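Comments concern the structure below.
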Amino acid sequence: MSNGNSLTVIDVHCGWGRTVAARGWEDPAQVRAALTARGIRTAFVASDLARRYDPIAGNEAVAAAVMQENADVDLRGWLVVHPSRMHDANEQMRRYLFSDRFVGIALYPDPITEYPVTSRDIAEVIASYRRYSKPILIETPSAAAMAEAAQIAQDYIGLRFIATGMGGDEWREAVLMAAKPLNLFLDISGSLSTEKLEHALTVLGGPRKLLFGSGAPDTDPAAVLGMLFDVPMLSPEDRARILHGNAERLFRLIDVEDEEEAPHPNAGGPSLRPLNAA
Amino acid sequence: MPDILDLFTLIGPVPPHAPTGSGPQELRELLTRYGVSGAVTISTRSIYYDAATGNEEARTVCASDGGGALLPGAVLDPRQPRPETTITGSRLLYLMPTTQGWPTAFAPVDLLLRHLAAANVSIPLWWEVHGCGDATAAANLLRAANYTGAVILGGVTGSAGLVEAITVAGTSDRIFIATDSLRGVGQVELAARALGPQRVVFASGAPAVSLRSALALVRLANLGPENEEMVFSGNARRILGSGSPATATAAAAAGVA
C-alpha cells in the first residue's frame, strides 16, 4: 500500500539486514526503493548483525549505509549498544553520535536469553551517553519489557526514550505501563490489531507519545500503515502527528521555534537541519 | 475491483474483553468497506470456550446472513470428546493448537484425523502452524491419517516458519499457505514465487487484526493482476468448492452420531 506523495512518513525503527524474504535489506538502494514504494521518505535503521551477533561490524555497516545523504529517502542510523560491551560501545559512540546521521542508541533484549533491558543493566551506558542529548530506543516485545522501559524512563527523567514494539501481543498491559513517564514514547509496531491504537489513544490521552515505527523488514511498513489508517477515531491532524509530527519534534528535525507545543524536557539542545532541506 | 474471499475471520469477543465491534453486523460492514465479497468465519466462542456451541453459533449467524457473504467455519477442538460431531454444515475446519494451547503432536488429533478420513470427510482443513515444527508435525499427522482434503497452513510466522511452511507445502499440491500472518517484507511474494500463486490464499484474522493491513500485504507482493486475483479469491473458491459442506451423515459414519 502506498500513500502516494501526499503524506510525510518517518519510520523511526527499521532493521538493517537481509531476511529470507527480503534479501536486499542491507542494500541501501533496495531498501530505499522498498520504502519509497510504501510512501516512506525517512527511516531510522538498526543493524540486525549488531543486535544479534557483532555490534562492531553491524554498526559499521549501518554507518556506511547512512553516512551518504540521499534526497529520495533519508536513512539515518540507530547505534546498537550492548551493555556488556561498553568499551566497544564507547568507541563507537564517540565515532558516530556527533553526526546527525545517527539519531541515538538502540538497546535490545539479550539475543540469547531474551531478557529485557533493565535500568540496572544500562546505568553505565547512560553515564557515557548523556552528553549526546539524543533519544534512546528500547525494544519492548512484551509487557514485562515495557515495565522495565517505563522504570528506566522514570529513573532517567532528563532523557527521551522510545519503546519499540508496544509490548507485542501484550499491548494492553504495556500501554498502561507506558502512560505515566512523560519522557517515554511508543512506536506503533508490534501487534497489527486496530484495537491497540484505539486503546493507546484512550489511555495516553491522544497521539502525543505515539510514533510511526514498523520494525521492517520483519513487519512490512505497509501493514503498520494499514493498521493506522484503519483507526476511525483518528483525525487527519492526529494521524499526521503519529506519521511524522511527533518524530520531527522528538528528533529535533524541525527548528525548536517551529514547535507549537510546550518544549520537551530536553528542549534547548542543538537543532538538526530541517527534514526537507535540500 | 478484484473478487476477494477471506478464509479467516472472527465473530465474537476475545475474552476477557467486552464484545464491542465484534459481531456479525460489524464484520459484514468491515468486509463491505474494503470490498471483500465473502469470508469464512468462526466464532471466538468455539476457540476460547466451547467448540460445539461456538460452531453452532457460527452456523446460525451465517445462515441468517441474507447476502450470503459469510460462510461457516468450524473449530475442531481435540481436547473435547468427538469434536467431529460439531462440524455439520461447515465449509472449512480449523485446528488451532497455538491459540488453544495444545501441542500439534497430540494423540487426539491423530485419532480425529483418522476418523475424518475413514468417514471420507474431505472438507478443507485450516491448521494453525505458529511455531517451528508445527507445520512438519501437522503434515506428518495428515499423511499418516491419509486425510484427502485440502490443507491450509495458517498463522505462519517469521522467516523460519515460512521456510518450513514452504517446504511442507512443497510436498503436496493439496497444501496451501494462508497470508494471515505473513507480515514481513516480501513474505507473500516469496510464498507465491516458491509454490506458485495458485498455492497461496488470502486470510486476515479480521477484525482482531487489521483487514486493511492484510489486504495491503497481498497488493504489495508484485503478483500481477491475474495472480493477485488467484490469491485473493480464485484459489479459495477452488478449495471451498472441492469439499462439500460437512453433513450429519459423515459425522454418523465416523461413528459419532
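The values are calculated or read from the model by the stated rules, or taken from the named source; none is laboratory data. None of the values given here were measured: they were computed from a predicted structure. Cβ: placed from backbone, ideal geometry, glycine included. Neighbour counts: every protein chain shown. Keep in mind that these areas ignore ligands, DNA and RNA; they rest on the heavy atoms of the full protein, side chains included. Shrake-Rupley method; radii C 1.70, N 1.55, O 1.52, S 1.80 Å.
For (1) under 17 Å from the mean Cα position of the chain (by Cα); (2) within 30 Å of B:P16 (Cα to Cα); (3) open to solvent by 30 Å² or more (accessible area, probe 1.4 Å); (4) within 13 Å of chain A (Cβ to nearest Cβ), each residue gets a yes or a no:
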position	(1), (2), (3), (4)
B:G154	yes, yes, no, no
B:G170	no, no, yes, no
B:I175	yes, no, no, no
B:G186	no, no, no, yes
B:A192	no, no, no, yes
B:A221	no, no, no, yes
B:F232	yes, no, no, no
B:N235	yes, no, no, no
Subject >> Cβ-Cβ under 8 Å pairs, at least 6 apart or on other chains, segment B:136-165 side closer than 17 Å to B:T98 by Cβ, far side open to solvent by 60 Å² or more (accessible area, probe 1.4 Å) and among the small types (G, A, S) >> reply: B:A137/B:A105; B:L141/B:A105
**OP:** Could you check, for segment B:187-198, whether at least one of its residues is of a type in the set (S, T, N, Q) and at pLDDT below 95?
**Re:** no
**OP:** Kindly indicate the residue of segment B:158-168 that is within 12 Å of chain A (Cβ to nearest Cβ) and crowded, with 22+ Cβ neighbours inside 10 Å and also nearest to A:W171 (Cα to Cα) among those meeting that condition.
**Re:** B:G161
Original post:
What helices (runs of 4 or more DSSP H), lying completely within segment A:163-267, carry at least 1 residues that are within 14 Å of chain B (Cβ to nearest Cβ), surrounded by 23 or more Cβ atoms within 10 Å (Cβ to Cβ) and modelled with pLDDT of 95 or more?
Top reply: A:171-178, A:194-204, A:221-229
Subject >> segment A:28-51: number of residues that are within 14 Å of chain B (Cβ to nearest Cβ) and either more than 23 Å from A:Y108 (Cα to Cα) or part of a helix (DSSP H, G or I) (or both) >> reply: 12
**OP:** Using the structure shown, decide if A:A22 is within 12 Å of chain B (Cβ to nearest Cβ), over 23 Å from A:S99 (Cβ atoms) and surrounded by 23 or more Cβ atoms within 10 Å (Cβ to Cβ).
**Re:** yes
